Structure formats: structure tokens, C-alpha cells
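Here's the structure, in C-alpha cells; my notes come after.
What follows is calculated from the coordinates using simple rules that are stated; it is not laboratory data. Owing to the predicted nature of the structure, the values given are computational and were not obtained by experimental measurement. Please note: Cβ atoms are built from the backbone with ideal geometry, for glycine as well, and neighbour counts cover all protein chains shown.
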Amino acid sequence: MEKAWWKKSVIYQIYPRSFADSNGDGIGDINGITAHLDYLKDLGVDVIWLSPVYQSPNDDNGYDISDYQAIMQEFGTMEDFDRMLEEMHKRGLKLVMDLVVNHTSDEHRWFVESRKSKDNPYRDYYIWKDPKDGKEPNNWGACFGGSAWEYDEETEMYYLHCFSKKQPDLNWENEKVRKEVFDMMTWWCEKGVDGFRMDVISMISKDPAYPDGIVHNGLYGDNSPYVCNGPRVHEYLQEMNQKVLSKFDLITVGEAAGVTVEEAKKYANLDGSELNMVFQFEHVDAPTAEHGKWTDKRFELKRLRSILNKWQTQLEGKAWNSLYWDNHDQPRAVSRFGNDGPMYRELSAKMLATCLHMLKGTPYIYQGEEIGMTNAYFDKMEDYRDIESINTYKEFTENGLMNPEEMMSALKAVSRDNARTPMQWNTSAHAGFTTGEPWIRVNPNYLQINAEAAVEDKNSIYYYYQKLIKLRKNYEIIIDGIFEGLLEEDENIYAYARNLGSQRLVVACNFSGEEVSCDLFDRAEEGKELISNYEYHKDGMLKPYEARAILFEK
Ligand code: TEU
Ligand code: CA
């Protein structure tokens, strides 16, 4: 196996709860995935990142694990999993598991034991602190609302949970915890999985002082400087690499909340001592919004370009980039960065795909992105299912941080529910996702936007992604070309070149719905057009949402 096969791979993320339901209970499952592997094989992806399928009470839809070596009942059995893995491998598809080891579920046996008494052997598997002046040990807020500390009457101490109170943080300073995690990872590798996406892996080492955080919104302190990229995080990952990762041919990607370029050079260094790559968040985090991500403000191309160009140029020769527009935590790409109206949805989705897939790094496709699925824009709270959406709405409106209208507008723009509506397969009831009642409403635009229609339409977004994936296999410059930013002051166009030896690949993407002037392709006839979302072009111009990639010999 080529050493850096993961540099040439395209990875498709499946959120199993919303992908395909095979038994009519309205919840996606493993057999539903197995039934759709040919659709993914035909798309041309190489690797599937599967969001958690382990046993879980689903407080955070599987990101709260109660048994790392058992399959969630709603998703099926271990036999179903083994069959899915076998069917993936038969098709040359690799499987990346979602490793959630910053925290477990509070129903994990380790935590059930840990909370029993202060001298329980599992006590130090988690982070317990005495009250301070009769209150929480510090002012940290939890990601899903409330304090990051939950008081436990039994032992009269608080435990830390950076996410929901049913997601207690593991204590990675305890070498027994590290050994448990490494043994579990080895067990999955010996079953034949091909890698891990590591959930909030940048958070496994906390600042031992647990200092108060800055209070931005009048409620709780911001803990990110004290829980992200902590003092021992690289030591832990190097140990993980030595004890597990280096023993198998894997692809690893760390979801690194709060990661900077400098930190990424350590997490994703080219000497292979930690991980292959990280997900950074700068391009999907809201600009300095007063309420974090909760804004309906549109992105600005200038800021997006400066972030993407920074990561492309500063990791060059030092570390490897992941490339993504969306995932199960983000709004739909075409709604956030493109134009999801009927006139420009397909064009802008293809433009975004070109923009991302011609960059240097490993591209990720989130389920439904390949057919241009859009935000759901739910405007009633009873349609929301995500703990983050529901808790934030309650906390912000009850504390007067945002009024219900502002909060609803922000939810419609950026809630995680937007990405979690069922995959739209065809025009039958519930978009062919289930024969039962779906756990979350299907986006009513499934009649126009569905996989069956996409596969029948040779000009669909699906086939455009298929072509981009094929290009990555056939042009070394897309993998190894050095990035060079172009038109860096342009209000509408994001353009760049990739340089490799005598070749220069020029890419330009019009992020606007207007026709704009662009001279990058004045000598287009001297080059070879690799891909464009328009068949005909206008000299010196880019049409609305036009994307073009042309290969020139210097
Ligand atoms: O997300 C981690 C993370 O940074 C989230 O706070 C993310 O930024 C937020 O959801 C965006 O609004 C990971 C998983 O991807 C997410 O689904 C889980 O809820 C979270 O960790 C806890 O496991
Ligand atoms: Ca099901």
C-alpha cells in the first residue's frame, strides 16, 4: 500500500442516523448503509468516515458512548457491522471510525463506577473537583448550555463535562484511561477498520490549574484557552501513535477545536509521529459574533480567502490539510457559502466543489453535499432535535441574550439540524429514507433534490463531484502542486494556482451571482480545461457562480 494513500483519497462522511433506514423505525441504520454502498462506489470516494455507531443513550446522537465495543441497538448488531465492513472492503472502500474519547456517556460502566465513591478504582477515570466557596470549581460554560460542572450528591463533588452533563470528560492524565482507550482502538484495528476521526482530540489535555475563563456573554466563562491544545496533548497523541496507530496502515484525522496553524504543524506533522491531518475551524467559525456561532450574518469572501490561503501556504511542506465545507455540525455548504435558490443552487454547489477539491489536502464530502442538499430552515422549535439547538434556544432566550426571533433566524442559518435531515434518496414518501416516521423531518425539497434524480441526470452535481474525484486520481499537480493565491483583493472571485514543475493549474471561482471581469483565462486556448460548471465562457468574464480550472504548461 502506497505510504501516503490518504493524500490521494476523497472521504465521504456518513451520519448514520440520517443516512438510510432499513427496518422502518424511522432511524437510519447499518444495514441501510450497506444497501447504498454502490452509490458511494460509483461516486468514486475512497474512504467512508462513519459518525459513531457505538452503544449510546443518544443524548448527543451517539457522541456520548456507553460501550465502545458494542453497536447501538437502533443501528443494528455487530454482525451487521461486520457485514458492512466486508462489503465496503469488497468495493475497495476503507472505513474510518469516529473515535470519541475526550468524554464518555454518563451511562458508561466506567462512570457508573467512578461516581459511586471517592475511593472507587474508576474515580480518577474522570475529572472530579471539590466545590469552591460552595459552588462550581470555576466559571466554565458547557458547549450545550449551563455550567461545565455537574454536582454529584453522592460524593459531594463536581465532575467536568465540556459538552452535555451526560458526557463526562475522561481524565487523560490517568495512564489507565489511556491504556483503556489504546486497547479499544487496537481491538477495532484488528477487526479491520482503516482509521479514526478523533472527536475534539485537541481537548484531551486540560490546563491543570482549571482557571476561570473570560465571560463573553454574561453567563459563563470561555474555557477554550484552557481545554484546547493543552500542555500534554501532543505527548498523549505521540503515545497513541507509538502504541496503536503506527502498528496499522491507517488514516487519522483529528477534529481539533481551537487549533491554530502552529498547533496543526504538530498534530499533522509530516514525520508521522501524531496524526495525518486535522479539521481546523477558522473558516466555519463565525467572525467575532457576540454570541459565538449564533448569527445569521453571511460569510465574507475576503475573510474566507485569507483563512484558506493561510492554511494552504503555512502548512506547505510542514503538515497536511483536511478540506471541508460542511459536516454533521455545520449548516449545508450550498446554503452557507453558495446560493440555494432554484436558479443558482446547482451552479454554486459545483463552484464550491471546484474551489475545495482543487486545493491541497484531503477533501471531505458530507452526505447529501454531492447532490446539493440545502438547509432545512426549520422555523418551529418542535422540529429541532439537536441538544445544542434546543438548549441554546432555551438558555439564550430565557437570559435575554437573544430574542426568540433572532434566535430562530440564527438556528435556521447555522443549527446542526440543517445537516441532519434525512438523506434524500428519491421522490417516494420521506424521500425514500424510511418507510416509517423519520426521527427528524425530511426537507420538503426532496421532490426536486434527491439521489435518484441526480444519478439519472448526467449534468448533476453528483457527476460533477465524480469528475472532480477522478481528476484527483489523474493529475499529480492536484495532490502535490504548491498553492499560490491569486486576485487576493477581489470582492467576488476566489482564485489560486497550483504549481508543480513545468505545470500551472489556475482555478477561479466566482462566489457572486453577478457576471464579473476576470483575465486569468485570457490565454485559455493555450491550456487544458480540466473542469468547469459552464459549457460556454465569456472572454474576460466569469459568469454567475462560474468555476474554471485550466492546466497550463509553463
Ligand atoms: O464537535 C466538537 C465541536 O467543536 C462542537 O462544539 C462543534 O464546534 C459544534 O457542534 C458546532 O456548533 C464534536 C462532534 O462533531 C459533535 O457532533 C459533538 O456534539 C461534540 O464533539 C461532542 O462530542
Ligand atoms: Ca432503522
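Compute the separation of the alpha-carbon centres of region 362-384 and region 459-481 and state it in Å as a whole number.
23
Using unit Cβ charges (K, R positive; D, E negative) and no other charged atoms, how large, in debye to the nearest 20, is the dipole of the chain about its Cα centre?
Here the chain has a charge dipole of around 1360 debye.
What are the ³J(HN,Hα) values, in whole Hz, obtained from phi via the Karplus relation 6.51 cos²θ - 1.76 cosθ + 1.60 with θ = phi - 60°, for each residue of region 137-148 in sequence order, with x given for Gly and Pro?
x, 7, 9, 4, x, 9, 4, 10, x, x, 6, 7
Provide the net charge surrounding Arg197, with neighbours chosen by a C-beta distance below 14 Å and charges set as Lys +1, Arg +1, Asp -1, Glu -1.
Details: positive: Lys94; negative: Asp98, Asp194, Asp199, Glu255, Asp329.
Result for the neighbourhood of Arg197: -4.
Among the listed pairs Lys247/Lys470; Lys135/Lys165; Lys41/Lys293; Lys243/Lys266; Lys8/Lys206, which are separated by more than 27 Å between their Cα atoms?
Lys247/Lys470; Lys41/Lys293; Lys8/Lys206
Please report, for the Cα atoms of region 356-479, the Rg to one decimal and the Dmax as a whole number; what are they, in angstrom?
18.0, 55
Based on the alpha-carbon gyration tensor of region 400-449 and its eigenvalue square roots a ≥ b ≥ c, which shape applies: rounded if a/c is under 1.5, prolate if not and a/b is larger than b/c, or oblate? Before the final figure, lay out the partial values.
Working: a/c = 3.52, a/b = 2.63, b/c = 1.34.
Judged from the Cα gyration tensor, region 400-449 comes out prolate (a/c at least 1.5, a/b above b/c).
If you line up the long axis of helix 461-474 against the longest principal axis of the chain, both from Cα atoms, how many degrees apart are they, to the nearest 10?
90
Is the shape of region 166-286 rounded, prolate or oblate, going by the alpha carbon gyration tensor and its root eigenvalues a ≥ b ≥ c, with a/c under 1.5 for rounded and a/b larger than b/c for prolate?
prolate
Suppose the chain between Thr186 and Lys243 were pulled fully straight at 0.36 nm per residue; how much longer would it get relative to their current alpha carbon spacing?
Result for the pair: 19.6 nm of gain on full extension.
Rg over Rh of region 468-507, using C-alpha atoms and the Kirkwood radius, what does it come to?
Rg/Rh for region 468-507 comes to 1.04.
Can you give me the long-range amide H partners of Leu486? Hydrogens built in the peptide plane at 1.01 Å from N, cutoff under 5 Å, separation of 5 or more residues or another chain.
Ala495, Tyr496, Ala497
Can you give the helix-only mean residue ellipticity at 222 nm for the chain, where every DSSP H stretch with n ≥ 4 adds -39500 (n - 2.57) and the sum goes over all residues, rounded to the nearest 500 deg cm²/dmol?
-8000 deg cm²/dmol
Compute the helix-to-body angle for 387-398: its Cα long axis versus the longest principal axis of the chain, expressed 0 to 90° and rounded to tens.
Taking the Cα atoms of the chain, the angle to 387-398 is about 80 degrees.
Could you give the C-alpha radius of gyration of the chain expressed as a fraction of 2.2 N^0.38 Å, taking N as the number of residues it contains?
That works out to 0.96 for the chain.
Excluding His234 itself, calculate the net charge of residues whose Cβ lies under 13 Å from the Cβ of His234, where each Lys or Arg counts +1 and each Asp or Glu counts -1. Intermediate results must be reported in sequence, preceding the final value.
Working: positive: Arg232, Lys265, Lys266; negative: Glu235, Glu239, Glu262, Glu263, Asp271, Glu274.
Net of charged neighbours comes to -3.
Tell me, Glu173, Glu154, Glu136 in order of fewest to most beta-carbon neighbours within 10 Å?
Glu154, Glu173, Glu136
By the 4.7 Å beta carbon criterion, which cysteine residues of the chain come out unpaired?
Cys143, Cys162, Cys189, Cys228, Cys518
Within region 72-153, report the GluC sites (Glu not before Pro) that DSSP leaves as loop and that have at most 12 other Cβ atoms within 10 Å.
Glu153
So for Arg332, Arg178, fewest C-beta neighbours within 10 Å to most, what's the order?
Exposure proxy ranking, most exposed first: Arg178, Arg332.
Roughly what angle does helix 404-414 make with the longest principal axis of the chain, taking Cα atoms, 0 to 90 degrees, to the nearest 10?
Helix 404-414 and the main axis of the chain meet at about 60 degrees.
Give the distance, in whole Å, between the Cα centre of region 201-220 and the Cα centre of region 237-308.
Cα centroid to Cα centroid, the span is 19 Å.
Given labels modelled 7 Å from the Cα in the Cβ direction, how far is it in nm from Glu175 to Gln69?
2.2
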